[in-house]
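I have placed the structure first, in the form of structure tokens, so that the comments after it can refer back to it.
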Amino acid sequence: MPDYSRSLGDAVKRARGRQGFSQREVAEAANIDTQTVLKIENYKGNPKLEVLYALVRALNMDSREIFYPEIEHESPAMDQLRLMIECCSEQEAEMIIPILQAVIKVVRAKDPVTIE
């Protein structure tokens, strides 16, 4: 089994888990066969670029998890937040900044013991 099969399979499993998707739901979102997702997650898949591209997009994955698995990443929540921001248009980012600033202010003002 090539090393990339393991990093790809593990990255897809993690991303699917973060999204709360079943293998069938991932397959539908990526417009691929459920067996393809199963094979990839079991380290038996060697997907074509169009399949890999569809998976990364459908799962909103950071492709560094696949291609650079040795790099330690931040927490999954920080990775997901960064990806969401990177997918925004300039106009969307401008609209989100004051909302995010307000949310951060409220969260930081609360007692840290009650924040989970």
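This table checks each residue for (1) at pLDDT 95 or above; (2) hydrophobic (A, V, I, L, M, F, W, C).
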residue: L8; (1), (2): no, yes
residue: G17; (1), (2): no, no
residue: T34; (1), (2): yes, no
residue: V37; (1), (2): yes, yes
residue: P69; (1), (2): no, no
### Task
Return the pairs, sorted by first residue and then second, in which the second residue is surrounded by fewer than 18 Cβ atoms within 10 Å (Cβ to Cβ) and of a type in the set (G, A, S), the first residue lies in the stretch 43-57 and is more than 13 Å from A30 (Cα to Cα), the beta carbons are less than 9 Å apart, and the residues are 6+ apart or on different chains.
Y43/S5; K44/S5; G45/S5; N46/S5
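Return the residues of the stretch 10-25 that are assigned to a helix (DSSP H, G or I) and more than 18 Å from D79 (Cβ to Cβ); say none if nothing qualifies.
First pass over the stretch 10-25, keeping only residues assigned to a helix (DSSP H, G or I): 10-19, 23-25.
Q23, R24, E25, listed by residue number.
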### Query
Is it the case that N46 is within 23 Å of D3 (Cα to Cα) and not charged (D, E, K, R)?
yes
### Query
Is it true that I97 is assigned to a helix (DSSP H, G or I), closer than 22 Å to S5 by Cβ and of a type in the set (A, V, I, L, M, F, W, C)?
no
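With the condition kept exactly as written, say whether any residue in the stretch 68-85 is touching a residue at least 40 places away in the same chain (Cβ under 8 Å), assigned to a loop (DSSP other than H, G, I, E, B) and of a type in the set (G, A, S).
Within the stretch 68-85, the first condition is being touching a residue at least 40 places away in the same chain (Cβ under 8 Å), and the residues that meet it are 69, 76, 80.
If we keep only those that are assigned to a loop (DSSP other than H, G, I, E, B) as well, we get 69.
Narrowing the set further to residues that are of a type in the set (G, A, S) leaves none.
Within the stretch 68-85, not a single residue is touching a residue at least 40 places away in the same chain (Cβ under 8 Å), assigned to a loop (DSSP other than H, G, I, E, B) and of a type in the set (G, A, S).
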### Query
Being of a type in the set (A, V, I, L, M, F, W, C), exposed (fewer than 11 other Cβ atoms within 10 Å of the Cβ), assigned to a helix (DSSP H, G or I) and over 12 Å from the mean Cα position of the chain (by Cα), is that true of even one residue in the stretch 43-54?
yes
### Query
For D62, which of the numbered conditions (1) surrounded by 12 or more Cβ atoms within 10 Å (Cβ to Cβ); (2) part of a helix (DSSP H, G or I) fails to hold?
(2)
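The values are calculated or read from the model by the stated rules, or taken from the named source; none is laboratory data. The structure presented is a predicted model; accordingly, all values stated were derived computationally and were not measured. Positions of Cβ are backbone-derived with ideal geometry, glycine not excepted, and every protein chain shown enters the neighbour counts.
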